[in-house]
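Reading through the structure tokens given below for one structure.
Throughout, read-outs are computed from the coordinates displayed, never taken from laboratory work. All values derive from a computational prediction rather than experimental measurement. Neighbour counts are summed over all protein chains in view; Cβ atoms, including those assigned to glycine, are modelled from backbone coordinates with ideal geometry.
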Amino acid sequence: MKNTALSNVHIALGAKMVPFAGFNMPVQYSGINDEHETVRTAVGMFDVSHMGEFILKGEKALDLIQKVSSNDASKLYDGKVQYGYLPNENGGIVDDFLTYKIDDTTYLLVVNASNIEKDWNWISKFNTDHVEMKDISDETSLFAVQGPKAADALQGLTDIELAPMEYYSFQKGTFAGVDNVLVSATGYTGAGGFEIYVANENAEKVWNAIMEAGNPYGIKPIGLGARDTLRLEMGFCLYGNDIDDNTSPLAAGLGWVTKFTKDFVNADNLKAEKEKGVSQKLVGFEMIARGIPRHDYEIHDADGNKIGRVTSGTQSSSLKKSIGLGYVDTAFAKDGTEIFISIRNQPIKAVVRKPPFVK
């Protein structure tokens with residue numbers, strides 16, 4: 001199992017450590033509910049250094065990204081970030097990822113930890129123009145500082161103006177006395193905030209500086225447990241749960257980042273699927289009766305017929321009720337539709353709700 005540059009720091013802070021995507025990661029410190037509330041109301045910091053980072057460089061870098069990505073990276077400008085996915089050739093998804101445009105010939109791709117090697121091999125397969133590719137995952141630390149007080153907590157550490165930073169943009173500058181730090185505003189919690197990319201050798205210095213600067217604002221270290229409950233309240237997909245190699249990106253609601261104005265892997269088949277219409281859709285739902293939905297629980301209609309399955313579920317700390325995501329037959333995908341989650345072989349009533357669950 002791999003460690004991040006700060007694994008010992010998390011252990012010293014009393015974190016409960018668990019294996020996740022091949023890494024030894026903190027799942028919680030003070031408790032998931034407390035950490036969740038901290039991010040929603042103040043500011044918290046996640047160590048997400050397990051994520052993967054690739055640099056693509058050269059005159060043909062954009063062409064390669066255009067070939068493998070569902071989204072249209074030609075729309076990017078310097079300092080802009082774009083969400084997209086890597087379609088496979090069988091109608092599923094290799095991974096979802098972010099593209100950062102640094103300049104006309106340099107791009108940073110940020111991928112999921114569990115897919116670093118798979119994504120690298122997939123992109124390399126289409127690199128016929130010999131674009132320079134570098135995997136910097138093992139030398140890069142990444143912190144997500146999230147919450148409504150994030151900008152105030154961090155501003156004294158950097159020359160980058162944080163509050164005006166647009167969603168899905170980034171800048172490079174000095175941060176906590178370290179030069180050439182990349183700061184972005186992509187967010188995976190719906191609470192606002194920033195991502196800090198820093199070399200491993202500076203990771204502990206930057207982490208400690210953020211904790212000290214954030215102390216007056218109530219900052220706490222936050223684990224992956226609260227990260228999951230926060231993203232689920234926003235209805236954000238998690239690779240391996242809600243999307244994977246066998247799920248249709250169109251059924252998953254990713255049509256908005258599927259751009260048929262250019263050629264990309266499996267574009268023709270996806271276009272045909274769009275024209276035909278999908279048989280199932282990924283929906284959000286709230287439990288009406290008591291019960292917590294879990295991954296792969298069956299979803300039924302009122303007559304007991306199986307109409308889908310749960311992909312993610314939790315007890316929402318903010319709403320004090322259980323929520324989830326799942327695929328259902330399209331006839332049951334409309335907001336307000338009554339469905340039943342099979343929990344311990346009992347049909348527990350729920351209702352389809354369009355995310356985000358927390359506005």
Fill in: Contact order normalised by residue count of the chain, Cα under 8 Å, 6+ apart, percent
18
Response to the item:
Per the charge dipole of the range 279-353 (beta-carbon charges, Lys/Arg positive, Asp/Glu negative, Cα centre), the residue among LEU319, HIS295, GLN346 reaching farthest to the positive end is LEU319
Worksheet item: Over the range 67-205, what relative contact order in percent results from Cα pairs under 8 Å that are six or more residues apart?
Response: 19
Worksheet item: Among all the lysines, which ones have a C-alpha under 16 Å from LYS354's C-alpha, if same-chain residues fewer than 8 places away are not counted?
Response: LYS281, LYS321, LYS334
Practice prompt. Give a residue-ordered list of calculated ³J(HN,Hα) values for the range 340-349 (Karplus: 6.51 cos²θ - 1.76 cosθ + 1.60, θ = phi - 60°; whole Hz; x for Gly, Pro).
Written response: 10, 9, 7, 10, 6, 6, 10, x, 9, 5
Response to the item:
Karplus ³J(HN,Hα) for the range 116-132 (6.51 cos²θ - 1.76 cosθ + 1.60, θ = phi - 60°; Hz, whole; x = Gly/Pro) runs 4, 5, 4, 5, 4, 5, 5, 5, 4, 4, 9, 7, 7, 9, 6, 5, 5
Worksheet item: List the chymotrypsin sites (Phe, Trp or Tyr not before Pro) in the range 10-117 that DSSP assigns to loop (not H, G, I, E or B) and whose Cβ has at most 13 other Cβ atoms within 10 Å. Which are they?
Response: TYR77
Fill in: Counting DSSP beta bridges with both ends in the chain, the antiparallel % (nearest 5)
95
Discussion item. Can you list residues from other chains, or at least 5 along the same chain, whose modelled amide H is less than 5 Å from the amide H of LEU238?
Written reply: ILE243
Worksheet entry | Relative contact order (percent, whole number), the range 289-359, Cα cutoff 8 Å, 6+ residue spacing | 30
Worksheet, complete the sentence: Output for the range 179-277: chymotrypsin sites (Phe, Trp or Tyr not before Pro) sitting in coil per DSSP, at most 10 other Cβ within 10 Å, listed by number, reads none
Worksheet entry | Dipole magnitude (debye, nearest 20) for the range 279-353, charges at Cβ of Lys, Arg, Asp, Glu | 300
Worksheet item: Which value in deg cm²/dmol, rounded to the nearest 500, describes the helix-derived mean residue ellipticity at 222 nm for the chain, given -39,500 (n - 2.57) per DSSP H run of n ≥ 4 and division by the residue count?
Response: -5500 deg cm²/dmol
Discussion item. Let's see if you can work this out: charge +1 on each Lys and Arg Cβ, -1 on each Asp and Glu Cβ, no other charges. What is the dipole magnitude of the range 210-299 about its Cα centre, in debye to the nearest 20?
Written reply: 220
Discussion item. Could you compute how fast the range 279-353 diffuses translationally, taking Rh as the Kirkwood radius over C-alpha pairs and applying Stokes-Einstein at 10 °C with viscosity 1.306 mPa s? Give it in µm² per second.
Written reply: 136
Item to complete: Give the percent of DSSP beta bridges with both residues in the range 279-353 that are antiparallel, rounded to the nearest 5.
Response: 100
Worksheet item: Each residue of the range 91-108 in turn: what ³J(HN,Hα) in whole Hz from Karplus with 6.51, -1.76, 1.60 and θ = phi - 60°, glycine and Pro shown as x?
Response: x, x, 10, 5, 5, 9, 7, 10, 10, 9, 8, 7, 7, 4, 10, 9, 9, 10
Worksheet item: Between the DSSP loop rule and a limit of at most 16 other Cβ atoms within 10 Å, which GluC sites (Glu not before Pro) in the range 124-212 are left?
Response: GLU161, GLU166
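What number comes out for the charge environment of ALA176, summing +1 per Lys or Arg and -1 per Asp or Glu over other residues with Cβ under 10 Å away?
Details: positive: LYS205; negative: GLU212.
Around ALA176, the surrounding residues sum to 0.
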Worksheet item: Tell me which lysines have Cα within less than 18 Å of LYS149's Cα, excluding those fewer than 8 residues away on the same chain?
Response: LYS220, LYS359
Worksheet item: Across the Cα atoms of the range 175-307, what radius of gyration and what greatest pairwise Cα-Cα distance (Dmax) are found, in Å?
Response: 20.6, 63
Discussion item. Starting from 0.36 nm per residue, how many nanometres of slack lie between ALA331 and GLU204 once their C-alpha separation is accounted for?
Written reply: 40.6 nm
Fill in: Cross-link partners of LYS60 among lysines (Cα-Cα below 16 Å; sequence separation of 8 or more within a chain)
LYS75, LYS101, LYS125, LYS134, LYS262
